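Worksheet: the structure to be examined is printed underneath.
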Amino acid sequence: MEPQALAIEVSGLSKSFDNNRALRGIDLGILRGETLAVFGPNGAGKTTLMKILATLLSPSSGNIRVNGLDIKKHAREIRREIGVVLGRTFLYANLTAGENLVFYGRMFDVPHPKKRAEEVAEQMGMTQRLHDMVGSLSRGMQQRLAIARSLLHRPSILLLDEPETGLDQQGVSLLWQAIRNGEPRTIVHSSHNLELGLATCDRLIILERGRLAAEKPAGITLEELQLAYDRATGAAR
């Protein structure tokens, strides 16, 4: 892959927490406009990878470039290029849903933040909840709001760590409609749901104990993915 075609380029990425090696020498290139699914059991390194790509954690070693920018030197610029959904929603419970969106919109210098907040809320089926305090919302509704927030500044890259957490079937459907929405984006999302991940990606990888254990095209069947997953994670032994 030519460097100019890559939205994200990861080389020799490792991350350690004291004596625990969470990532071990990850090499990965993600094309602009590509949707990559990341699978792996608990503790495989999925969330650590997402947090490093989101500039929320620093790597112990290795190099990362996002849209051609070195993540160590240009973290601030990179944050304006990405939208992030993690396990924590990072919403303010003492503000309404609408106030949260407007606040984050202003942080990203979004033009007409109130109007844009209403647009992304509608995409996630949240229009009728904009005046509700976030603390009163269900976990699923908070997740919808977190997804809406990630779209506020029209990022070219979305990093989604198990974004379907807490969502019902309608919420999952709205999620994928909203993040695609006719806008070309690079999407990296982790999931434990093999069927959903396979249906929504162009390519997939499987992590195991911090290593890239397998890489497959989206054209494989669910049965082939399950077999590859079992082999990569040792479940077939």
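The values are calculated or read from the model by the stated rules, or taken from the named source; none is laboratory data. Owing to the predicted nature of the structure, the values given are computational and were not obtained by experimental measurement. Using ideal geometry, Cβ is built from the backbone for each residue, glycine included, and neighbour counts are taken over all protein chains shown.
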For Ser11, which of the numbered conditions (1) within 20 Å of Thr200 (Cβ to Cβ); (2) surrounded by fewer than 19 Cβ atoms within 10 Å (Cβ to Cβ); (3) at pLDDT 95 or above fails to hold? (1)
For segment 58-114, how many residues meet the condition of being assigned to a loop (DSSP other than H, G, I, E, B) and surrounded by fewer than 19 Cβ atoms within 10 Å (Cβ to Cβ)? 20
Just to be sure before I move on: is Glu162 in contact with a strand residue (DSSP E or B) (Cβ under 6 Å, 6 or more places away or on another chain), of a type in the set (Asp, Glu) and surrounded by fewer than 22 Cβ atoms within 10 Å (Cβ to Cβ) in the structure I sent? yes
Hey, Arg65 hits all of (1) within 28 Å of Leu225 (Cα to Cα); (2) at pLDDT 95 or above but one; which does it fall short on? (1)
Taking the criterion of being more than 22 Å from Phe103 (Cβ to Cβ), assigned to a helix (DSSP H, G or I) and either in contact with a Leu (Cβ under 9 Å, 6 or more places away or on another chain) or without any contact (Cβ under 8 Å) to a residue 40 or more places away in the chain (or both), would at least one residue in segment 149-170 satisfy it? yes
Would you check if there is a residue in segment 113-135 being within 14 Å of Arg88 (Cα to Cα), at pLDDT 95 or above and in contact with a helix residue (DSSP H, G or I) (Cβ under 7 Å, 6 or more places away or on another chain)? yes
List the residue pairs whose Cβ atoms are under 6 Å apart, where the first residue sits in segment 202-228 and is closer than 16 Å to His192 by Cβ, the second is among the hydroxyl-bearing types (Ser, Thr, Tyr) and assigned to a helix (DSSP H, G or I), and the two are 6 or more positions apart or on different chains. Ile206/Tyr229; Glu208/Thr233
How many residues does segment 174-226 contain that are outside any helix (DSSP H, G or I), farther than 12 Å from Phe39 by Cβ and among the small types (Gly, Ala, Ser)? 4
Selection count, segment 123-139, where residues are without any contact (Cβ under 8 Å) to a residue 40 or more places away in the chain, surrounded by fewer than 15 Cβ atoms within 10 Å (Cβ to Cβ) and within 13 Å of Ala97 (Cβ to Cβ): 5
With respect to Thr47, is the statement that it is in a helix (DSSP H, G or I), surrounded by 13 or more Cβ atoms within 10 Å (Cβ to Cβ) and polar (S, T, N, Q) true? yes
When you check Ser173 against the structure, is it modelled with pLDDT of 90 or more, of a type in the set (Gly, Ala, Ser) and over 15 Å from the mean Cα position of the chain (by Cα), yes or no? yes
